[in-house]
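Undergrad: Pasting a structure below so you can have a look.
Computed from the coordinates by the stated procedures, all read-outs in this text should not be read as laboratory data. The structure presented is a predicted model; accordingly, all values stated were derived computationally and were not measured. All Cβ positions, glycine included, derive from the backbone under ideal geometry; neighbour counts span all protein chains shown.
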Amino acid sequence: MSIDLGYEEIEASCLIRSFTRFCSMTSEYDLHLQRVADRKRRLRTELEETLGAAGEISLEIGCGHGHWLVDYAAANPDRRCLGIDIVRDRVERARRKQARAGQENLSFLLGEAAEVLDQLPQGIVLAEVFLLFSDPWPKKRHWKNRVFNARFLQDLGRRCFGGARLHFRTDHPGYFAWAEEVVAEQELWKVDSSIPWPLERETVFQARAESYQSMILVKQKLNFS
Ligand SMILES: C[S@@+](CC[C@H](N)C(=O)[O-])C[C@H]1O[C@@H](n2cnc3c(N)ncnc32)[C@H](O)[C@@H]1O
């Protein structure tokens, strides 16, 4: 059966369809916002339960299976160490490693760098941060996904006292050059080449790398410090 619609009916039917699509997009977007808010709330609770309300911590971002941080925490029993990664399976493996080693000054959490920095309890201060063989995102159109960027240095700075250290190591020359440029364009973090690397222990990705470059940055006492 064919239905003949006049111009006004067609226009009305198009409007209804657009409106319905708009409503369903809005409700999908609302759902997305709700999921993000729930995830952040859970992360906040987990961070509070793990770290307590106050204290200094050493943070490894993108800890993978936790090899490096397990050794670092063992070598520094007076430090409270936290490793985060966005891949659940890696965090679970890291937790098993930590449990086998019986280290009480070490925890691993599923969490994304920017969200963790945002949700850290107010009294938690980062004394040192490690970003080891962070994904280099080689294609130019993906550079925006690199963890090390101007915003990251700012966000990190808000959670650190002056003198805090950021350790960055990569086997990707392009990513290292990018990091140098990012550092040169701001005042909050400065490279200090006199500081030795705190623990030479190969990470999984370091073991695969032919060569790598490192930099240690120190947070300057510009803001609250
Ligand atoms: C190339 S792997 C290096 C793992 C380990 N650091 C090593 O050297 O063997 C990068 C790790 O960073 C994690 N990662 C990527 N983006 C992240 C982010 N925004 N926040 C937290 N972890 C992230 C990845 O899931 C991955 O485990």
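Undergrad: Between ARG44 and GLN186, what is the FRET efficiency for a Förster distance of 41 Å, r being their Cβ-Cβ separation, to the nearest 0.05? Don't jump to the answer; show the numbers that get you there.
TA: Numbers: r = 28 Å, r/R0 = 0.68.
Calculated transfer efficiency: 0.90.
Undergrad: For each of TYR29, TYR175, count neighbouring Cβ atoms within 10 Å of the residue's Cβ, then give the residues from fewest to most. Each step should come with its number before you reach the end.
TA: Working: TYR29 10, TYR175 22.
Ranked by crowding around the Cβ, least crowded first: TYR29, TYR175.
Undergrad: Something else now. Does anyone have the angle between helix 173-184 and the longest principal axis of the chain? Alpha-carbon axes, 0 to 90°, nearest 10?
TA: 90
Undergrad: Continuing with the same structure: Could you work out the helix-only [θ] at 222 nm for the chain, with each DSSP H run of four or more residues adding -39,500 (n - 2.57) and the total divided by the number of residues, to the nearest 500 deg cm²/dmol?
TA: Details: 7 runs with 101 residues, N = 225.
Value at 222 nm, helices only, nearest 500: -14500 deg cm²/dmol.
Undergrad: What FRET efficiency would be calculated for the residue pair HIS32, ARG96, taking the C-beta separation as r and a Förster radius of 30 Å, to the nearest 0.05?
TA: For R0 = 30 Å, the calculated efficiency reads 0.40.
Undergrad: Compute the normalised compactness of the chain: alpha-carbon radius of gyration over 2.2 N^0.38 Å, N being the residue count. Walk me through the intermediate numbers first.
TA: Details: Rg = 22.8 Å, N = 225, 2.2 N^0.38 = 17.2 Å.
Taking the Cα Rg and dividing by 2.2 N^0.38 Å, one obtains 1.32.
Undergrad: Using the structure shown, select from LYS139/LYS190; LYS139/LYS221; LYS144/LYS219 the pairs with a Cα to Cα distance greater than 31 angstrom.
TA: Working: LYS139/LYS190 27 Å; LYS139/LYS221 35 Å; LYS144/LYS219 23 Å.
LYS139/LYS221, as the Cα separations exceed 31 Å there.
Undergrad: With bins 10 Å wide starting at 0, give me the P(r) of region 180-225 over every alpha carbon pair, in whole percents.
TA: 21, 39, 31, 9, 0
Undergrad: Report, in degrees rounded to the nearest 10, the 0 to 90 angle that the Cα long axis of helix 88-101 makes with the longest principal axis of the chain.
TA: Taking Cα atoms only, the helix is inclined about 30 degrees.
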